[in-house]
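Peer 1: Supplied in structure tokens, the structure appears directly below.
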Amino acid sequence: GESVGLHLPTLSVQEGDNSIINCAYSNSASDYFIWYKQESGKGPQFIIDIRSNMDKRQGQRVTVLLNKTVKHLSLQIAATQPGDSAVYFCAEIRNQGGKLIFGQGTELSVKP
Amino acid sequence: DTAVSQTPKYLVTQMGNDKSIKCEQNLGHDTMYWYKQDSKKFLKIMFSYNNKELIINETVPNRFSPKSPDKAHLNLHINSLELGDSAVYFCASSQEWAGGNYGYTFGSGTRLTVV
């Protein structure tokens, strides 16, 4: 399943499928990007990050893709599991002051 | 050990009251923050302190006053609470390195309900 971030704040996928969560960022001066996962009743938890000099970075079951041309970031989750159900946020750090700016979250729901 | 801890986790209070939320981090980070998360889950930065000095103050009513007694603590005091202050408040910290801030770590949040 795939979301388009601002226009589809919820994404429902079947367990075992791959998930793609999209994010558009606003500032071309941003040079560091982070994906966070927020479970109910908890704070945002770091998943994966990427610097602006990279296009792709892989972690365990997660991949982040960065397209600076169109200012687009995506998070791919392979073999989505029920434990992946949460709200996912992209965040950008601008190169002055290190202020972490969050995008709108996408709620991922995994059906067993 | 919890890296960034906030107290209380829940706070229910009446309009007009004054309340405080406390935050402590044991990561040795230089910078601490307060974020506000509204009912639509949008997270917005309120304040940032670096080594006890105020660095960022977003457009926040002056009823909100952060206080940092040392670099491991950043408390948030709110005067004359209003219904619109109801939200989840997150404390976070980060480490300064090579001109930027990294390793952002968040607390588990304080759910403030003003009635």
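The values are calculated or read from the model by the stated rules, or taken from the named source; none is laboratory data. None of the values given here were measured: they were computed from a predicted structure. Virtual Cβ from ideal backbone geometry, glycine too; neighbours counted across all protein chains shown. Quick note on the areas: whole protein, heavy atoms, side chains included, nothing else; ligands and nucleic acids left out. Shrake-Rupley method; radii C 1.70, N 1.55, O 1.52, S 1.80 Å.
Peer 1: Among the acidic types (Asp, Glu) and in contact with a Lys or Arg (Cβ under 8 Å, 6 or more places away or on another chain) - does that describe any residue in the range A:22-37? Working first, answer last.
Peer 2: So in the range A:22-37, the residues among the acidic types (Asp, Glu) come out as A:31.
From what's left, in contact with a Lys or Arg (Cβ under 8 Å, 6 or more places away or on another chain): A:31.
Yes, the conditions are met somewhere in the range A:22-37.
Peer 1: Could you please find all residues in the range B:24-41 being part of a loop (DSSP other than H, G, I, E, B) and either touching a residue at least 12 places away in the same chain (Cβ under 8 Å) or surrounded by fewer than 15 Cβ atoms within 10 Å (Cβ to Cβ) (or both)?
Peer 2: Scanning the range B:24-41 gives B:Asn26, B:Leu27, B:Gly28, B:His29, B:Asp30, B:Asp38, B:Ser39, B:Lys40.
Peer 1: Quick one: in the range B:1-23, which of the residues that are of a type in the set (S, T, N, Q), more than 11 Å from every other protein chain (Cβ to nearest Cβ) and part of a loop (DSSP other than H, G, I, E, B) is farthest from B:Ser68 (Cα to Cα)?
Peer 2: Filtering first and then ranking leaves B:Gln14.
Peer 1: Kindly list the number of the only condition in (1) open to solvent by 50 Å² or more (accessible area, probe 1.4 Å); (2) more than 11 Å from chain B (Cβ to nearest Cβ); (3) of a type in the set (D, E, K, R); (4) in contact (Cβ under 8 Å) with a residue 40 or more places away in the chain that fails for A:Arg94.
Peer 2: (2)
Peer 1: So which residues in the range A:52-77 are in a strand (DSSP E or B), open to solvent by less than 60 Å² (accessible area, probe 1.4 Å) and closer than 30 Å to B:Thr2 by Cβ?
Peer 2: Matches in the range A:52-77: A:Val62, A:Thr63, A:Val64, A:Leu73, A:Leu75, A:Ile77.
Peer 1: Filter the range A:25-51 down to the residues that are over 29 Å from B:Arg111 (Cβ atoms), among the aliphatic types (A, V, I, L, M) and assigned to a strand (DSSP E or B) and list them by number.
Peer 2: First, pick out the residues of the range A:25-51 that are over 29 Å from B:Arg111 (Cβ atoms): A:27-32, A:50-51.
Cutting the leftovers down to among the aliphatic types (A, V, I, L, M) gives us A:29, A:50.
Selection gives A:Ile50 alone.
Peer 1: In addition: Do the conditions hold for B:Arg63, that is, is it facing chain A (nearest Cβ under 9 Å) and of a type in the set (Lys, Arg)?
Peer 2: When the stated conditions are applied, B:Arg63 does not pass them.
Peer 1: Restricting the range B:52-93 to residues that are under 13 Å from the mean Cα position of the chain (by Cα) and of a type in the set (S, T, N, Q), which is nearest to B:Asp30 (Cα to Cα)?
Peer 2: B:Ser93
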